[in-house]
Amino acid sequence: MSKPIQRIGRKFGDSAIANMIDSSSQSRTFTLKSGAKATFVRQLILHDDIETRTSVDPKINGRDQSTLTPESLQEITRTITLQQFFPAIGRVNGDRIEIMDGSRRRAACILSGASLEVLVTADELSLSDARQLAADIQTAKEHNPA
């Protein structure tokens, strides 16, 4: 028998991302900049598989990965072992999941021994749609009333 996941910590506002995260839904469909739709499904990447099953493309993610040091990740590394507040967002790219949003969470999980929760799409995304989706998700999180 499976036990329901108990969420701890603060509740995020009423954005589409927050509602999807707080719900028991395992998938979510987003309308992209181009008007196309992409369905994302929750996946849990076990700690030992994060580096081999996921990657970060700086053309999409935009974060300089060399700045992700144990010192710069200290706060998120401390909390991610307790709860990952937002799943990373990724797309299937070959045999890996490309993390479009969530490279800090990915790095913190690698450092702390935690598994990584990712919303993943196998739908085709253009470079423009992928970049805009990553930017929109970041903006939604920044402007989310807590």
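Here Gly90 meets each of (1) within 17 Å of Leu133 (Cα to Cα); (2) of a type outside the set (A, V, I, L, M); (3) loosely packed, with under 13 Cβ neighbours inside 10 Å with one exception, condition (3). With respect to being more than 20 Å from Ser34 (Cα to Cα) and free of Cβ contacts under 8 Å to residues at least 60 places away in the same chain, Leu111 fits the description.
Does Arg63 satisfy being under 24 Å from Thr121 (Cβ atoms), at pLDDT 90 or above and not in a strand (DSSP E or B)? So Arg63 fails the test.
Results for (1) of a type in the set (Val, Ile, Thr); (2) surrounded by 17 or more Cβ atoms within 10 Å (Cβ to Cβ); (3) under 18 Å from Arg28 (Cα atoms), shown as yes or no for each residue.
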| site | (1), (2), (3) |
| --- | --- |
| Ile60 | yes, yes, no |
| Pro70 | no, no, no |
| Thr79 | yes, no, no |
| Thr121 | yes, yes, yes |
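The values are calculated or read from the model by the stated rules, or taken from the named source; none is laboratory data. Treat the numbers as computed from the prediction; the structure is a model and nothing was measured. No Cβ is skipped: glycine too gets one built from the backbone with ideal geometry, and neighbour counts run over all protein chains shown.
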